[in-house]
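**Student:** Input: one structure, supplied below.
The values are calculated or read from the model by the stated rules, or taken from the named source; none is laboratory data. This is a predicted model, so every value here is computed, not measured. Neighbour counts run over all protein chains shown; Cβ positions are idealised from the backbone, glycine included. In case anyone asks, the SASA skips ligands and DNA or RNA and just uses the protein heavy atoms, side chains included. Shrake-Rupley method; radii C 1.70, N 1.55, O 1.52, S 1.80 Å.
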Amino acid sequence: MPVILEKENEDIWLNPDIEANQLHNLLKPFSADKMEEWEVGAAARDPKNDYPEVIAPHKSSRQRTLF
């Protein structure tokens, strides 16, 4: 599982002088309330497509139903 950090902890995580045991406090579940999700196009599956637009929200042509 990847680690998702709070913005204020990024500098601590990237500091090469921090002891590994000091980083353990940062390894905690990230609140689902702070996460967003959206559908992206098929281009996002190819690592050659390394540009910001590849993760832009994609309008699906498929109609979705609840059942």
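**Student:** Grab the chain and count how many Lys pairs have their alpha-carbon atoms under 28 Å apart, sequence gap of 8 or more, or different chains.
**Tutor:** For the chain, qualifying lysine pairs total 5.
**Student:** Which longest run of the chain has no exposed loop site in it, a site being trypsin sites (Lys or Arg not before Pro) in a DSSP loop with at most 16 other beta carbons within 10 Å, and the site itself not part of the run?
**Tutor:** By the stated rule (loop sites, at most 16 other Cβ atoms within 10 Å), 1-47.
**Student:** Still on this structure, please answer the following. At 1.4 Å probe radius, can you tell me the per residue accessible area of the chain in Å²?
**Tutor:** Working: 6690 Å² over 67 residues.
Here the residues of the chain average 100 Å² of exposed surface.
**Student:** Keeping the other protein chains in place, figure out the carbon and sulfur percent of the accessible area of the chain, with a 1.4 Å probe.
**Tutor:** 53
**Student:** Tell me which label goes with the value of mean projected area of the Cα convex hull in nm² computed from the coordinates here: (1) 7.6; (2) 4.8; (3) 12.2.
**Tutor:** Of the labelled values, this structure produces (1).
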